[in-house]
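Comments concern the structure below.
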Amino acid sequence: MLEGLLPSDVRARFGDPRAEMARLLPEEERLVASAVAKRRHEFSHGRALARALLAEFGVPEAPLLSGPQREPLWPSGLVGSVTHTDGLCVVAVAESERYAGIGVDVEPDAPLEDALAARICLPEERVRLAAQDFCEPAVATRLVFSAKEAVYKCQFYLTRRFLWFPDVEIWLEPAGDFRVRILAEVTELGDGARFVGRWARRGGFLLTAVWLARDAG
Ligand SMILES: CC(C)(COP(=O)(O)OP(=O)(O)OC[C@H]1O[C@@H](n2cnc3c(N)ncnc32)[C@H](O)[C@@H]1OP(=O)(O)O)[C@@H](O)C(=O)NCCC(=O)NCCS
């Protein structure tokens, strides 16, 4: 499911959040105590995958809590990202010495409604999406939506900034890459050229991943 989506020094795992509730630590449990069952399931699977990945990096078991903007509070020295949709949860973790940020996002492989497309895509993105021939335009539009959410998660640890959809421009490439341009003035990010993005369409899902490598200049 995740092959080729992320660099080899980024560790990633996936699971099905519809499966039985995964184990939560008491402090994590408190974060979703009043949430609906679907949210509790997806949260528990995200946390279980994340803790398994953190263990691979030698981190002793500890609760993975969330910050005020809902961002996971990764242990010092690591950076990561969590995403879930009906039937799929993905988590990626890497060393913060190598990566300033990582973002992952998953969506169902389905067209995005036209009314939403107008809010998510810039006019020039819509022109490109209509002209490309590697994906149905409305599905490619959902890929752009997913890529922008992944970019938002990736940049957050550097900037702590909220970005709107028109603040980010995405170019999908047929071979599974995407390019990113940040249109908002975010000094920490420049024009976004350092983001590297990949997308995939697999098993009924659209997957996007983006990262900011420390050695990319
Ligand atoms: C976070 C967001 C991008 C995606 O959330 P979602 O639709 O619930 O979908 P996902 O399941 O893919 O992602 C949720 C996970 O993102 C992570 N996340 C949430 N806010 C985050 C932030 N500020 N920074 C980094 N990661 C974040 C969390 O791990 C969360 O899962 P958890 O609560 O179980 O830990 C969206 O809800 C949001 O806040 N959007 C506003 C910003 C935005 O989209 N701007 C436009 C794009 S530039």
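Each reported figure results from applying straightforward, stated rules to the coordinates on display, with no laboratory input. The model shown is predicted, which means the values in this text are computed figures rather than measured ones. Methodologically, a virtual Cβ is constructed for each residue, glycine included, from the backbone with ideal geometry; neighbour enumeration extends over all protein chains shown.
Data overview
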item: Karplus-derived HN-Hα couplings along the stretch 76-87 (A = 6.51, B = -1.76, C = 1.60, θ = phi - 60°), whole Hz, x at Gly and Pro; result: 3, x, 10, 9, x, 7, 10, 8, 8, 8, 3, x
item: Footprinting exposure proxy for Thr141, Thr159, Thr208, Thr187 (fewest neighbouring C-beta atoms within 10 Å first); result: Thr187, Thr159, Thr141, Thr208
item: Rounded D (µm²/s) - the stretch 11-103, Kirkwood Rh over Cα pairs, Stokes-Einstein at 25 °C, 0.890 mPa s; result: 185
item: Volume per residue of the C-alpha convex hull in the chain, rounded to whole Å³; result: 123
item: Geometric extent, Cα atoms of the stretch 105-201 - Rg, Dmax (angstrom); result: 12.7, 36
item: Positive-end extreme of charge dipole, the stretch 105-201 - chosen from Ala117, Pro174, Ala193 (charges on Cβ); result: Ala193
item: Sequence of Asp167, Asp114, Asp105 once ranked by neighbouring C-beta atoms within 10 Å, starting from the fewest; result: Asp114, Asp167, Asp105
item: Residue-by-residue Karplus 3J(HN,Hα) for the stretch 167-175, coefficients 6.51, -1.76, 1.60, Hz, glycine and proline x; result: 7, 10, 10, 10, 10, 7, 9, x, 7
item: For the stretch 81-128: span of alpha carbons on each principal axis (Å, largest first); result: 39, 28, 15
item: Relative packing of peptides 42-55, 171-184, 60-73 - highest average C-beta neighbours within 10 Å first; result: 42-55, 171-184, 60-73
item: Full-extension gain in nm, Asp86 to Lys38, via 0.36 nm per residue minus C-alpha separation; result: 16.4 nm
